[in-house]
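Participant: Questions regarding the structure given below will be posed in turn.
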Amino acid sequence: MGRAARGVACAAGGEAGRRVRRSAVMRARAPSRATAAAAAAAAVAVLLAVASMPSGVVAHCPHQCSGHGTCGSDDLCTCFTGWQEYDCSKRSCPSGRSWFDAASAVDTAHASGAECSDMGHCNRKTGMCDCRAGFEGLACERMTCLNDCSRHGECMTMAKTAALQDDLRLFSSYTYALWDAEKIVGCVCDPGYTGLDCSERTCPVGDDPHTAGVDEVQTVSCTCGAGCDGTVSLTFRGRTTAPILHNAVMSVADEVGGDGADTGDSVQAKLQALRVIDGVTVSVADGGSPSGRLCQDTAGSTVSITFTHQHGNVPQLAQTNDLTETSGTPAVAVATTQTGTKEATECSGRGYCDRDTGTCVCYADYFSSDGKGTNAAGDTGDCSYASSLPTVCPGDEECSAHGTCSGASDYTCDCWDGYTGAACAERSCPFGRAWYDEATADNTAHALTECSNMGECDRATGVCDCRDNFEGEACDRFTCPRDSAGYECSRHGRCINMYNKALEGTLNGELRGNLEVQTLTCTALSGNIQFTFEGETSALLAFNSAASAVKANLEALSSIGLVTVTFSTGSVACAGAGVGIQVTFLTEVGDREAIAGVPSGSFSVAETVKGSRITYGEDPTVEAVWDYTMMYGCQCDELDGRNRTLSTGDLGDLYGYDCSKRRCPTGHDPQDDDAGVTEKQTLSCTADGGTFTLKFREQTTDAIAFGATADAVRTALEALDTVGWLTVTNGGAACDIDGEDTVIEFKSEQGDLPLIVVDSTSLTISAGSVSLSTAETQKGTKQNVECAKRGVCDDESGLCKCFSSYISSDGYGAMGTRGDCGHIDHLYKEQ
């Protein structure tokens, strides 16, 4: 039977199956009349042989496990590593930490083991991930760097960026091991380049000529005794000098020839040979080195190094001691004796940078200086030389009419919000948490930054131009994938963030964790009551109000969404002997503040069940959840427990990072000796008025009358998307004053199912107490596995391709329309 014929068999049921059998017999006939009888007899013999076979007998594993696995005694394949499906015919792909998933515990997400890291599809023929644009790696586990950093920078992970300190591009060293440590990458630009992809030029920095400041001064102290020999090396901003002789002279001017004084031997020459140092002066510190040499005096020597061109608080030199002496151990130490306070501002704050050329465009009366911060002309191009004292702030108008001028004596602009630059002529852009940046402490990163370091600011408009896959005013939201027609999540899902993904995570169709339940005991015989929650007090309510009135009173508070309310006894909120008002929070997650009753003397409160719903980012100060409102992904549509059948056209749940894949029908393995049983739950109700609701797998029925027949209860439940078909029995009514049981048997949902959740808030009783509960009276043990283990799922169509001898079942082993390969039919041959 081909797939089309099998589909007809599934849709039409047993009659189509009989037609298939007849066609199989007809194909067995020979064209010659002389052999017709023999052929017919042979066909009958085949049918008799098939009929006599034990129901569990199948000749071998499907497709001999495709050569990629071993066949077990149950005719099921055990696939070799890298292969999957029940016939081992498809490749599996590498896995990594998930980019987007439901938290598995409070503030714990991005689990390992996700195929293609939930950011690509597996090519089942090659075993290679087809990653979403902007992601790379065998398992799509890593972002790409934009334009490969334009060949002017290095693409680094968050972990490497945190650990590496060169004092030139990266200025601290920390450990970073959060979920994104090896996943999120960015460009660390070479000196002279900047921007998201290192495609822009930086401009010279300098000191504002109208402010006072001092140069950085550091000292190198050396103690080296008799027989001193060897060298010292100094490191600054990741660059290390050539070895400096122990008896090196101080400055280039001292290079007059001889040991330690030849050309290039001086401490100054060795330091200025580094491309990260533009100029230093080196001299003997007060009281140090009478001989004027680096390490020649047994009493110790101290050399003073003044940074004349590197302004501000510069990194301290590091030293490598390769000295020796006849006896003892030479010592070298570096110290900062004067912290630099001159500015190191791009274009010295007296011009603007042309990012295309890396050239400063100086404001009127400002020119290039010698770079020393002494207001002297030179060729550094830094706008640090003022030809005259200023009388106005920069800009066509002062501060471009977008800031406040400080006036004498420095005439600088304090820009208004939304503007930046020395003349406030440029627009600033919105700030958001950085996707990629340098850590500021162990496991602490993602500080606020312009365009979240995932876009470029348009200085003319103040609008972030976000990189592909990012959106929002500050490029602070990851986009959900779109299909070729531009539809988000392939039109089969919703785009939500990690915070909401955690709240919507389910286990067996039920939200994970416990809802908060509080019980307020009210002892009052008259008057009014009120409730206070999170600083808000409800309206007055009569002491003898019904549960529905208490529910409405609480839900009127802005700090409470939805609750259910039940009473421990009777049908009024308060009584002299006390009534327990049980409140279950349905929308407020986690451990909640206690509700207080007013007047307080009439109430006591206890937490019956502590809220423990799994959340992600409820406390945003936890560093690991920095992405809780930034990382978005697809929440794919689900059909949950609905009876998916080919005859009704229902298809399976959607899945995949873009919701483009379909799951296939599930069923019970027909080769399993244990046929399993269906789930049965019993609803017990004591009431003689009002209505109740039932909830299964997070969907709630319409109100059901207390006296509903079994058929009415069944109809209400089967109206839910999470329920297929049921059988329901009771004594004629769901509830009565003496109590009534309703037995609910799930016919289409297989396996161990979650309990039906009841809400008795609107039930009443004329005498005694309302009671409504459910209990599992028969645990479902039927398997609920894709294609019943006897077929391969086509994840494009959501249809099972059944192996030979298997066709669709009714969920109980007979031929049916479930589409699950759960029925044995020895005449069916896979095409």
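Participant: What is the distance in Å between the Cα centroid of the stretch 510-547 and that of the stretch 202-230?
Facilitator: When both Cα centres are located, 71 Å separates them.
Participant: Another one. Given a 1.4 Å probe and heavy atoms of the protein chains only, how would you sort R97, R433, largest accessible area at the top?
Facilitator: Solvent-accessible surface, decreasing: R97, R433.
Participant: Working from the alpha-carbon coordinates of the stretch 375-450, get Rg over Rh, Rh being the Kirkwood radius.
Facilitator: 1.14
Participant: Now for a separate question. If you take every residue apart from D74 with its C-beta less than 10 Å away from the C-beta of D74, what net charge results, scoring Lys and Arg +1 and Asp and Glu -1?
Facilitator: -3
Participant: Please give the solvent-accessible surface of V757 in Å², to the nearest 10, using a probe radius of 1.4 Å with every protein chain present.
Facilitator: Spelled out: V757, probe radius 1.4 Å, area about 60 Å².
Participant: Counting each DSSP H run of 4 or more residues in the chain as -39500 (n - 2.57), what helix-only mean residue ellipticity at 222 nm follows after dividing by all residues, to the nearest 500 deg cm²/dmol?
Facilitator: The helix contribution divided over the chain gives -2500 deg cm²/dmol.
Participant: If you don't mind, another one. What spacing in nm lies between the two simple spin-label points modelled at S559 and A364, each 7 Å away from Cα in the Cβ direction?
Facilitator: Using points 7 Å along Cα→Cβ, the separation is 6.1 nm.
Participant: In Å and from the alpha-carbon atoms only, list the Rg and Dmax of the stretch 458-542.
Facilitator: When restricted to the Cα atoms of the stretch 458-542, Rg and Dmax are 23.7, 71 Å.
Participant: Sticking with this structure for a sec: Could you bin all the Cα-Cα distances of the stretch 258-368 into 5 Å bins starting at 0 and give me the percent of pairs in each, rounded to whole numbers?
Facilitator: 2, 9, 14, 18, 17, 12, 8, 7, 6, 4, 2, 1, 0
Participant: Sticking with this one: P(r) tail for the chain, what percent of Cα pairs lie past 54 Å?
Facilitator: Tail of the P(r) past 54 Å holds 41 percent of the pairs.
Participant: According to a simple spin-label model (label point 7 Å from Cα along Cα-to-Cβ), what is the distance in nm between T682 and V256?
Facilitator: So the two model labels end up 11.1 nm from each other.
Participant: Kindly sort W435, W725, W416 by accessible area of their heavy atoms, largest first, with the probe set to 1.4 Å.
Facilitator: In descending accessible area the options line up as W416, W725, W435.
Participant: Report the calculated FRET efficiency for A542 and R494 (r = Cβ-Cβ distance, R0 = 35 Å), to the nearest 0.05.
Facilitator: 0.25
Participant: How many angstrom separate the Cα center of the stretch 298-356 from the Cα center of the stretch 404-478?
Facilitator: One Cα centre to the other: 31 Å.
Participant: Taking Cα pairs under 8 Å and at least six residues apart, what relative contact order does the stretch 344-398 come out at, in percent?
Facilitator: Relative contact order here is 29 percent.
Participant: So how do 519-527, 463-471 stack up, highest first, on mean other-Cβ count within 10 Å?
Facilitator: My ranking of the peptides, most packed first, is 463-471, 519-527.
Participant: From largest accessible area down, sort D356, D229; use a 1.4 Å probe on the protein chains.
Facilitator: D356, D229
Participant: Starting from the Cα of T532, step 7 Å along the direction of its Cβ; do the same at A814; then give the gap between the two resulting points in nm.
Facilitator: Label-label distance for T532 and A814, simple model: 6.5 nm.
Participant: Separate question: Could you look at the chain and say what percent of its accessible area is carbon and sulfur, using a 1.4 Å probe and all protein chains?
Facilitator: 50
Participant: Right, another one. Full-extension gain between D442 and C71, please, as 0.36 nm times their residue separation minus the C-alpha to C-alpha distance.
Facilitator: Gain in length upon complete extension: 128.5 nm.
Participant: If a/c stays under 1.5 just call it rounded; otherwise compare a/b with b/c (prolate if a/b is bigger, oblate if not). Do that for the stretch 188-227, with a ≥ b ≥ c from the square roots of the Cα gyration tensor eigenvalues.
Facilitator: oblate
Participant: Provide, as a two-decimal number, the C-alpha radius of gyration of the stretch 324-457 over 2.2 N^0.38 Å, N being how many residues it has.
Facilitator: Cα-based Rg divided by the globular estimate yields 1.46.
Participant: Take the alpha carbon atoms of the stretch 731-766, find their center, do the same for the stretch 131-193, and report the distance between the two centers in whole angstrom.
Facilitator: Each part's Cα centre sits 57 Å from the other's.
Participant: Right, here's the next one. Mean separation of Cα pairs under 8 Å and 6+ residues apart, divided by the residue count of the chain: what relative contact order is that in percent?
Facilitator: Rounded, it is 10 percent for the chain.
Participant: In addition: Less than 14 Å Cβ to Cβ from T339, Lys/Arg counted +1 and Asp/Glu -1: what total charge do the surrounding residues give?
Facilitator: Summing Lys and Arg as +1 and Asp and Glu as -1 gives -2.
Participant: Please quote Rg/Rh for the stretch 92-167 to two decimal places, taking the Kirkwood radius as Rh and restricting both calculations to Cα atoms.
Facilitator: With Rg and the Kirkwood Rh in hand, the quotient comes to 1.07.
Participant: If you don't mind, another one. Treating only the Cα positions of the stretch 616-769 as identical point scatterers, give the base-10 log of I(q)/I(0) from the Debye formula at each q in 0.10, 0.17 Å⁻¹.
Facilitator: Values returned for q = 0.10, 0.17 Å⁻¹ are -0.53, -0.99.
Participant: Might you tell me the accessible area per residue for the chain, computed with a 1.4 Å probe and given in Å²?
Facilitator: For the chain, the solvent-accessible area averages 45 Å² per residue.
Participant: With a 1.4 Å probe and all protein chains kept in place, how much accessible area does S172 have, in Å² rounded to the nearest 10?
Facilitator: The accessible area comes out at roughly 20 Å².
Participant: Between T78 and A408, what length in nm is gained on full extension when 0.36 nm per residue of separation is reduced by their alpha carbon distance?
Facilitator: Here the segment from T78 to A408 would lengthen by 110.5 nm.
The values are calculated or read from the model by the stated rules, or taken from the named source; none is laboratory data. Predicted model only: the values in this text are computed from it and were never measured. Every residue, glycine as well, gets a Cβ built from its backbone with ideal geometry; the counts of neighbours run over all protein chains shown. Quick note on the areas: whole protein, heavy atoms, side chains included, nothing else; ligands and nucleic acids left out. Shrake-Rupley method; radii C 1.70, N 1.55, O 1.52, S 1.80 Å.
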